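Note sheet for the following structure.
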Amino acid sequence: MRVLVVGSGGREHALVWKISQSPALTHLFAAPGGVGMSDLATCLPDIGVNDTDAIVALCKKELVDLVVVGPEDPLANGLADTLREAGFAVFGPSAYAAQLEASKRFSKEFMERHQIPTAEFKSFSDLEAASAYVRQLAGPCVVKADGLAAGKGVVVCDGDDATQTALEGLQEIMGDRRFGDAGSEVVIEELLLGEELSFYAISDGERIVNLTGAQDHKRALDGDQGENTGGMGAYSPAPVLTAEVERRIIRDVVEPTILGMRDEGEPFVGVLFVGLMITEDGTPKVIEFNVRFGDPETQPLMTRLESDFLPLLEAAANGTLAEDTELVWGEAAVCVVLASAGYPRSYETGKLITGIEDAETDNAVTVFHAGTKAGASGGIETSGGRVLGVTACGASVREAHDRAYAAASKIHFDGVQLRRDIAHRALDA
Ligand code: AMP
Ligand code: GLY
């Protein structure tokens, strides 16, 4: 099978890494790909994830059998629709179905229609009205830009200054347009309490194969302090995903979502990534839907997965998913993100990175590249906010954690920023 992965981040590196091990693979392309995956796939650095015409042309020229779309942007822009119209098999949802992620309002209204448990909410397109609502609430809430904002358009407002925080968040999102048009509408919702979990399921639009869960660390600083980021580390399995919690997630969230999309005539093909709050009494409530793999959760998921992944992606894309597919998972994996100083705000790039090879001398460790480039001197340099995802597997979360941090300590670049407490919930449990 000739496969194209669209994207260039740590998630795509992990997907490329996993797909490249499949006996069913004959050739792997990545557009644009990146320096970290260049020994696993033919990278096409001139083809960006939103260069739809160039991607279609590439698929025609290279007789690609399957396209796996990594990021949400091209999905929301209709890349999967265009490729399907051109006759290609695609792992990834239509632009319509991608609204589950691309519009918070769409996803909240969908959940309301299908009685999927989630936080109470109201949406606004007017700053004054939104501010008045926040003043009236006079308590904790969460303010979210409606559109895509790379995981950063969310302000959690809690404590004595909740109202003030919410008003400032609204000003930043709707007034200053920090996230551009993504902030022309906002959703203001109930603050959920409990433990967060990411859960993944694959669908061909009709049938479902559930993967497993992972826990992400979204805040920039240790102890879940600081700003929301795209994710500073992740691990799997998370102890909060007990068999009972998993059963409820599948029954109350995954199945009604996939079947709801099908019944609305817009079948969901690809991976449904559910961001959940598991409340104190074990009730899963949806925080958000995503329509692609998580980043950095995919890094531990792919390192944990022992089964061949490519046939599953192909079956989902071709509408032939077998619901009795049994997947074999290794015990545990942990990913620690090394980020640029200043991330998630502004940061410098072009810092020389050393120690990656040294970190990978441990066979259990893989260093996934998120924001790197080939430097002029022949070395590898930073080129993004999140730079590397140092990922290790192990017989326990503790072992994977220790290996990941030992490997991370061998890698250096100017201003490297990392959290020291990735997987702490599993280690404390
Ligand atoms: P989102 O981009 O919607 O996943 O939100 C980013 C982060 O904000 C989540 O991972 C949670 O930590 C937090 N968050 C979002 N919505 C809520 C909510 N309703 N209650 C509590 N925390 C939330
Ligand atoms: N790590 C969270 C995300 O991919 O949205």
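Can you confirm whether ALA182 is assigned to a helix (DSSP H, G or I), without any contact (Cβ under 8 Å) to a residue 60 or more places away in the chain and within 16 Å of ligand 2 (Cβ to nearest atom)?
Judged against the criteria, ALA182 is a match.
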* To do: Go through the range 203-219 and count every residue that is more than 12 Å from ligand 1 (Cβ to nearest atom) and farther than 16 Å from PHE273 by Cβ.
  => 4
* Evaluate the range 358-368: report whether one residue or more is closer than 16 Å to PRO300 by Cα, in contact (Cβ under 8 Å) with a residue 60 or more places away in the chain and in a loop (DSSP other than H, G, I, E, B). => no
* To do: Check the range 301-310 and report whether any residue there is under 23 Å from GLY194 (Cβ atoms), touching a residue at least 40 places away in the same chain (Cβ under 8 Å) and within 16 Å of ligand 2 (Cβ to nearest atom).
  => yes
* Return the only residue of GLU314, GLU280 being within 16 Å of ligand 1 (Cβ to nearest atom) and of a type in the set (Asp, Glu). => GLU280
* **Residue within the range 229-244 that is assigned to a helix (DSSP H, G or I) and either at pLDDT 95 or above or more than 14 Å from ligand 1 (Cβ to nearest atom) (or both) present** => yes
* How do the pairs read when you match residues in the range 221-238 that are more than 26 Å from ALA395 (Cα to Cα) with residues anywhere that are of a type in the set (D, E, K, R) and open to solvent by less than 10 Å² (accessible area, probe 1.4 Å), using Cβ under 9 Å and keeping only pairs 6 or more apart or on different chains? -> LEU221/ARG419
* Residue identified as within 21 Å of the chain's Cα centre (by Cα) and open to solvent by 70 Å² or more (accessible area, probe 1.4 Å) among ARG398, ARG425, ARG403 -> ARG425
* List pairs: first in the range 417-429 and touching a residue at least 24 places away in the same chain (Cβ under 8 Å) and more than 13 Å from GLN215 (Cβ to Cβ), second among the aliphatic types (A, V, I, L, M) and not in a loop (DSSP other than H, G, I, E, B), Cβ under 7 Å, 6+ apart or cross-chain? -> GLN417/ALA339; LEU418/VAL336; LEU418/VAL337; LEU418/LEU338; LEU418/ALA339; LEU418/ALA408
* Asked: Is it the case that some residue within the range 255-267 is open to solvent by less than 50 Å² (accessible area, probe 1.4 Å), closer than 28 Å to GLY394 by Cα, in a helix (DSSP H, G or I) and touching a residue at least 40 places away in the same chain (Cβ under 8 Å)?
  -> no
* Asked: Are any of the residues in the range 315-330 over 26 Å from LEU259 (Cα atoms), in contact (Cβ under 8 Å) with a residue 60 or more places away in the chain, in contact with a helix residue (DSSP H, G or I) (Cβ under 7 Å, 6 or more places away or on another chain) and not basic (Lys, Arg)?
  -> yes
* Asked: Out of (1) closer than 30 Å to TYR405 by Cβ; (2) open to solvent by 20 Å² or more (accessible area, probe 1.4 Å); (3) of a type in the set (S, T, N, Q); (4) within 16 Å of ligand 1 (Cβ to nearest atom), what's the single condition that is false for ASN363?
  -> (4)
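Among GLY270, GLY294, which is the only one that is in contact with a Phe, Trp or Tyr (Cβ under 8 Å, 6 or more places away or on another chain), assigned to a loop (DSSP other than H, G, I, E, B), at pLDDT 95 or above and buried (at least 22 other Cβ atoms within 10 Å of the Cβ)? First the steps, then the outcome.
On the way: GLY270 fails: assigned to a loop (DSSP other than H, G, I, E, B).
Matching residue, one of GLY270, GLY294: GLY294.
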* For ASP73, work out the one condition from (1) buried (at least 22 other Cβ atoms within 10 Å of the Cβ); (2) in a helix (DSSP H, G or I); (3) within 16 Å of ligand 2 (Cβ to nearest atom) it doesn't fulfil. => (1)
* With ALA316, ALA359, ALA341, ALA322 as the choices, which residue is touching a strand residue (DSSP E or B) at 6+ places or on another chain (Cβ under 7 Å) and within 30 Å of ALA89 (Cα to Cα)? -> ALA316
* Asked: Name the residues in the range 145-174 that are more than 16 Å from ligand 1 (Cβ to nearest atom), touching a residue at least 40 places away in the same chain (Cβ under 8 Å) and open to solvent by 40 Å² or more (accessible area, probe 1.4 Å), would you?
  -> GLN171
* To do: Tally the residues that are within 24 Å of the chain's Cα centre (by Cα) and more than 18 Å from ASN318 (Cα to Cα), restricting the search to the range 47-77.
  => 13
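The values are calculated or read from the model by the stated rules, or taken from the named source; none is laboratory data. Everything numeric here is computed off the predicted structure, so don't read it as measured data. Cβ coordinates were reconstructed from backbone atoms using ideal geometry, including for glycine residues, and neighbour counts include every protein chain displayed. Note: areas computed on protein heavy atoms with side chains; ligands, DNA, RNA excluded. Shrake-Rupley method; radii C 1.70, N 1.55, O 1.52, S 1.80 Å.
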